[in-house]
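Down below is the structure, laid out as C-alpha cells.
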Amino acid sequence: MSHKEDNEGKRSSHHTELYTSIPRTCLPIVYHPDYNITFMGLEKLHPFDAGKWGKVIHFLKEEHFITDGNIVEAREATEEDLLVVHTKRYLNRLKWSLVVATITEIPPLLFLPNFLVQRKVLRPLRTQTGGTIMAGKLAVDRGWAINVGGGFHHCSSDRGGGFCAFADITLAIKFLFERVEGISRATIIDLDAHQGNGHERDFLDDRRVFIMDVYNRYIYPGDGYAKRAIKRKVELDWGTEDSEYLQKVELHCEGALNEVQPDIIVYNAGTDILDGDPLGGLSISPQGIVNRDEIVFRAATRRGIPILMVTSGGYQKKTARIIADSILNLHRQGLIGAEALEGEGSSSLVTSMMCSSGSVGSTFTAV
C-alpha cells in the first residue's frame, strides 16, 4: 500500500466508539464483565473456562494491582467495526445458531433461538473483540496494553472455528494501519499451543505483517495453507517442557524482532501450553508461562516497541491464576506499570467515571 493510499484509507475510516480518548489515570488494561459467558450451564459443555477473564480481574484486584476505577471498560464491536475485516456474508451466517454451535464447539446451541445465541454467546465475544481493538490503540499511546480477553486466532475474515467467532487480532492491526499515523508494520508473536491460522489467512499476502508462531505440530488446526504466512515457524513435539520451550521462544523472539522492527507487537499469550491442558499437549509449568511472558515483554521494551497482549486459549481452571501471576510479575519487573497514575491527583470517583471508555455517565461494574 502506498503512503497516499494509506492516508486516503485513514480519511475514509468509519466512525467508531472503540478509539475514544482514555485518560492517563487509567491503566491500559481492558476488560468488561460481559466478557464472561454464562447461560444455563451450556458453557460447561466446552473445556474452555468461559469465566476465566473475570477471575483474572478478581485476582489482580486481590493483589491491589488494579481497582474498579483504573482499568479500561471495553466496548462491544459494532457490525460496522467488524466489517473492517469480516465479510457481510460471514456475519450473516452467524445469525444461524447451527453455525455458531459449530464454531464454538457447543452442539446444544443449535437448538436455541439465535437472539439468545447473539446475546449470551456472541455479544461477549464481540465485547472482547472491541477490547482488543481498544487495547491496540492504548498500546501505541502507552507503550503496552493488555486485553484480559481476546486472542481469537482461529477466526479469519470469512470463517470461524475453535471457539473463535471474530478475528480480533486482524481487526486490531487493520484499525491501527487505517487510523494511527506511523503504524505501518506489525509483528504477531503467537505463543498459544495451537497454530494461529485465522490471522495467518488474513495476512497471507500482506508484507506489512510479520508472523511468528510457536505451536504443537500435531494438534488442531493443522492448516497447511495458512502456514505459508508464517515467517518464523516453530513446531513443537508432544510434551515439550520448560527448558527447550523457553530457549526456543527467546531465540526466535529476538530473531524475529531483529529481522523486522515493527511499529506494534501483538502478543497472543495463550496458556494452553500448561502441563495437563486437555487440548494443548505441551508440558510447560506455571513458572514457565510467567517466564515466557517476561521474555516477550523484555524483548519489546528493550527495543521501544509498543506491545498489545491478549490472553487466548487455556483450558484448565488454574489458568486464570497463572495469567494474573504473570501480569503481576511483569509489573514487578518494571515492564508494565502505573507510572501514568502518579501525580494525577484525581479522586477515585472521577477516575472511575472516566475509565469507562470516555463515557462520564458510566461507571465500571465490579466482578
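Check whether at least one residue in segment 156-179 is over 28 Å from residue 60 (Cβ atoms), assigned to a helix (DSSP H, G or I) and among the small types (Gly, Ala, Ser), and report yes or no.
Going residue by residue through segment 156-179, those that are over 28 Å from residue 60 (Cβ atoms) are 156-161, 174, 177-179.
Filter once more, so that each one left must be assigned to a helix (DSSP H, G or I): 174, 177-179.
Now drop any that are not among the small types (Gly, Ala, Ser), which leaves none.
Checked segment 156-179: no residue is over 28 Å from residue 60 (Cβ atoms), assigned to a helix (DSSP H, G or I) and among the small types (Gly, Ala, Ser).
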Inter-residue pairs, beta-carbon under 7 Å, first in contact (Cβ under 8 Å) with a residue 60 or more places away in the chain and under 23 Å from residue 319 (Cα atoms) and in segment 190-201, second part of a loop (DSSP other than H, G, I, E, B) and hydroxyl-bearing (Ser, Thr, Tyr), 6+ apart: 192/312; 194/220
Residues of segment 242-274 satisfying the condition of being over 20 Å from the mean Cα position of the chain (by Cα) and either outside any helix (DSSP H, G or I) or of a type in the set (Ser, Thr, Tyr) (or both): 243, 245, 260, 261
In segment 236-272, residue most open to solvent (accessible area, probe 1.4 Å) [restricted to those that are in contact with a Phe, Trp or Tyr (Cβ under 7 Å, 6 or more places away or on another chain) and within 22 Å of residue 199 (Cα to Cα)]: 260
Of residues in segment 188-233 being outside any strand (DSSP E or B) and hydroxyl-bearing (Ser, Thr, Tyr), the one surrounded by the most Cβ atoms within 10 Å (Cβ to Cβ): 220
Residue selected from segment 151-163 under the condition open to solvent by 10 Å² or more (accessible area, probe 1.4 Å) and of a type outside the set (Gly, Ala, Ser), by the criterion nearest to residue 230 (Cα to Cα): 154
Members of segment 304-316 found to be closer than 22 Å to residue 274 by Cα and either out of contact with any helix residue (DSSP H, G or I) (no Cβ under 8 Å at 6 or more places or on another chain) or assigned to a helix (DSSP H, G or I) (or both), listed by number: 312, 313, 315, 316
All positions within segment 86-136 that are open to solvent by 60 Å² or more (accessible area, probe 1.4 Å), part of a helix (DSSP H, G or I) and either in contact (Cβ under 8 Å) with a residue 24 or more places away in the chain or more than 28 Å from residue 15 (Cβ to Cβ) (or both): 89, 98, 102, 107, 110, 111, 120, 123
Considering residues of segment 50-68 that are in a loop (DSSP other than H, G, I, E, B) and open to solvent by less than 10 Å² (accessible area, probe 1.4 Å) only, the residue modelled with the lowest pLDDT: 50
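Does any residue of segment 167-178 turn out to be surrounded by fewer than 19 Cβ atoms within 10 Å (Cβ to Cβ) and either at pLDDT below 95 or farther than 21 Å from residue 296 by Cα (or both)?
Residues of segment 167-178 surrounded by fewer than 19 Cβ atoms within 10 Å (Cβ to Cβ): 178.
Add one more test, that the residue is either at pLDDT below 95 or farther than 21 Å from residue 296 by Cα (or both), and what stays is 178.
Yes: one or more hits.
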Selection count, segment 275-309, where residues are within 18 Å of the chain's Cα centre (by Cα) and over 19 Å from residue 248 (Cα atoms): 5
Residue tally, condition over 14 Å from the mean Cα position of the chain (by Cα) and closer than 21 Å to residue 87 by Cβ, over segment 180-207: 8
Residue in segment 103-120 that is nearest to residue 74 (Cα to Cα), counting only those that are touching a helix residue (DSSP H, G or I) at 6+ places or on another chain (Cβ under 6 Å) and not polar (S, T, N, Q): 117
Among the candidates 140, 148, residue that is open to solvent by 10 Å² or more (accessible area, probe 1.4 Å), closer than 30 Å to residue 302 by Cα and of a type in the set (A, V, I, L, M): 140
Looking only at segment 285-334, and only at residues there that are buried (at least 23 other Cβ atoms within 10 Å of the Cβ) and of a type in the set (Ser, Thr, Tyr), the one that is farthest from residue 259 (Cα to Cα): 319
Of all residues in segment 9-26 being modelled with pLDDT of 90 or more and hydroxyl-bearing (Ser, Thr, Tyr), the one that is surrounded by the fewest Cβ atoms within 10 Å (Cβ to Cβ): 21
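The values are calculated or read from the model by the stated rules, or taken from the named source; none is laboratory data. Quick caveat, the model's predicted, so the values are computed rather than measured. Positions of Cβ are generated from backbone atoms using ideal geometry, with glycine treated the same way; all protein chains shown enter the neighbour counts. Note: areas computed on protein heavy atoms with side chains; ligands, DNA, RNA excluded. Shrake-Rupley method; radii C 1.70, N 1.55, O 1.52, S 1.80 Å.
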